[in-house]
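Take a look at the structure below.
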Amino acid sequence: MPNVRVIKKYPNRRLYDTELSRYITLSDVRDLVMRGVPFRVQDTATDADLTRTILLQIMLEEESGGRPLFSANMLAQIIRFYGGTLQGLFARYLEDSLDLFANQQQQMQQAWGENPVESLARATQRNVELWADLQKDFLRAAGFPLGAKDKGQAD
């Protein structure tokens, strides 16, 4: 497992990269995210993990400029899950969905050198199967009854 880079956040709101031994900006943290560098943002006063807070700040900046990723309707739907019985399940579902999407994108980029049409057809079929499995897991975990065919496959 790669070392996790520690970014310290000081009370003056400045971020300090302990690996580079210098202050950095949110833009620099965004670059770490884009390069897939594992990191943790730590509050120097309390040692609290502030990674999520910093990532949310980066997302807010991204959403404020250019073309937003989230529509108002999508954000409202996400907010409705907070505090509900399905909050944890929904969070896992979103994370698994994003992981699946990222893996599919990576596989497509690697396979593009082969026959592009055949690669696309294989990826589409596999994607449909994975989404169906993910949806069944979500419904099953949420307590929704599945048809007899699906129950037999799950057992």
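The values are calculated or read from the model by the stated rules, or taken from the named source; none is laboratory data. Model, not experiment: these values are computed from the prediction. Note that we place each Cβ from the backbone using ideal geometry, even for glycine, and neighbour counts take in every protein chain shown.
General remarks:
- Of the criteria (1) free of Cβ contacts under 8 Å to residues at least 40 places away in the same chain; (2) closer than 22 Å to Ala142 by Cβ, which one Arg67 fails: (2)
- Test for Ser64: is it modelled with pLDDT of 95 or more, of a type in the set (Gly, Ala, Ser) and farther than 26 Å from Gln106 by Cβ: no
- Within the range 132-154, residues that are not assigned by TED's automatic domain parsing to the domain that holds Ala91 and at pLDDT 75 or above reach no partner that is among the small types (Gly, Ala, Ser) and in a loop (DSSP other than H, G, I, E, B) with beta carbons closer than 6 Å at six or more positions or on different chains.
- Test for Ile54: is it under 19 Å from the mean Cα position of the chain (by Cα), β-branched (Val, Ile, Thr) and surrounded by 12 or more Cβ atoms within 10 Å (Cβ to Cβ): yes
- Looking only at the range 16-54, residues that are without any contact (Cβ under 8 Å) to a residue 24 or more places away in the chain, part of a helix (DSSP H, G or I) and of a type in the set (A, V, I, L, M) come to 1 in all.
- Candidate set from the range 2-26 (those that are at pLDDT 95 or above and polar (S, T, N, Q)); member that is nearest to Glu61 (Cα to Cα): Thr25
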